[in-house]
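Taken together, the values in this text are just the output of simple stated rules run on the coordinates, not laboratory data. A quick note: this is a predicted structure, and the numbers were derived from the prediction, not measured. Every residue, glycine among them, receives a Cβ derived from its backbone with ideal geometry; neighbour counts consider all protein chains shown.
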Amino acid sequence: MREQQPADRHRVASLRGRLSHVLPLCQDWASLGGKSGRYDQPVAESNKPLYPYQKTPEIFRCPADRGDVAGARFVGINATNCYAQYGTSYLMEWAVDFMRTKRVFGNVAAPRSAYDGQSMKTPEIARSAVNKVILGDWIWHFNRGWLDQRSAWHNFKGKSLVVMLFGDGHAVGYRFPTKPEADPYWNVTPSPTNEWW
């Protein structure tokens, strides 16, 4: 592991300062950081909130990225590599609560008074940061085709898993339950007392 350089420490300190209260608003599911790309809409690299801090967009590229089998279903893109086409390999929880997960980043185009126009505040995440999902491999949502071979970016002992980033800063290979999309399990209200939220 390389030693953190002074410029890196400054960049991290600046990011912590900027995000100390309210996390940034974003344009769509793929617009937190990374390179220019398109999911719901084209977003230039320089218009992504983490652009000033990301030194290189490659930090948003997973080497195991095998694309998004649901890209054609949702946005008409046959995504063979999320980073190459969307500009990031990682899917954040944006604008809505979904899959038992509270939205982290709000929609910059929504009114600030609307739920989807507000990002989480760090004190709210701190209520239970160890299990608060921030983002994960693009294919972490149940509607991304978990049972499709292209959705097996990582595995451990033959079991597919996704790499998830949590509110306390740790990342882990995680295996979500493989329940059908219509299962009521997915409709549980996000709560810090759940396994994840």
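Sketch the reach of a paramagnetic label on Ala44 as a point 7 Å from Cα along Cα-to-Cβ, and name the residues of region 84-104 whose backbone nitrogen lies under 17 Å away.
Counting backbone N atoms under 17 Å from the label point, the list is 87.
Amide H neighbours of Ile134 under 5 Å, at least 5 residues apart or on other chains, H built in the peptide plane: list them.
Leu165, Phe166, Gly167
In sequence order, what are the phi-derived ³J(HN,Hα) couplings for region 73-85 according to the Karplus relation 6.51 cos²θ - 1.76 cosθ + 1.60 with θ = phi - 60°, rounded to whole Hz, with x for glycine and proline?
Per residue, the Karplus-derived 3J(HN,Hα) values read 5, 9, 10, x, 10, 7, 7, 8, 7, 4, 4, 5, 9 Hz.
Please report the relative contact order for the chain, taking Cα pairs under 8 Å with a sequence separation of at least 6, and give it as a percent rounded to a whole number.
The normalised contact order for the chain reaches 19 percent.
What are the ³J(HN,Hα) couplings of region 191-197, residue after residue, when phi is run through the Karplus curve with 6.51, -1.76, 1.60 and θ = phi - 60°? Round to Hz, x for glycine and proline.
With coefficients 6.51, -1.76 and 1.60, one gets 8, x, 7, 6, 4, 9, 8 Hz.
Taking the chain, how many lysine pairs are there with alpha carbons less than 30 Å apart, if each pair must be eight or more places apart or span two chains?
The result is 21.
How far apart, in nm, are two points set 7 Å out from the Cα along the Cα-to-Cβ line at Ser113 and at Ala126?
It works out to 3.0 nm between the two label points.
Dividing the Cα radius of gyration by the Kirkwood radius, what Rg/Rh value follows for the chain?
0.94
Treating only the Cβ of Lys, Arg, Asp and Glu as charged (+1, +1, -1, -1), what charge dipole size does region 6-187 show about its Cα centre? Round to the nearest 20 debye.
400
If amide hydrogens are placed 1.01 Å from N in the peptide plane, which non-local residues have theirs closer than 5 Å to the one on Gln118?
Under 5 Å from the amide H of Gln118 lie the amide H atoms of Asn107, each far enough along the sequence or on another chain.
Between Val104 and residues 5 or more places away or on another chain, which pairs have amide H atoms under 5 Å apart, with H built 1.01 Å from N, and which residues are they?
Glu93, Trp94, Ala95
Per residue of region 87-92, what does 6.51 cos²θ - 1.76 cosθ + 1.60 with θ = phi - 60° give for ³J(HN,Hα)? Whole Hz please, x for Gly and Pro, Karplus curve as stated.
Per residue, the Karplus-derived 3J(HN,Hα) values read x, 7, 8, 10, 9, 8 Hz.
Please give the peptides 48-54, 69-75 ranked by average Cβ packing (other Cβ atoms within 10 Å per residue), highest first, as a rough proxy for protection.
48-54, 69-75
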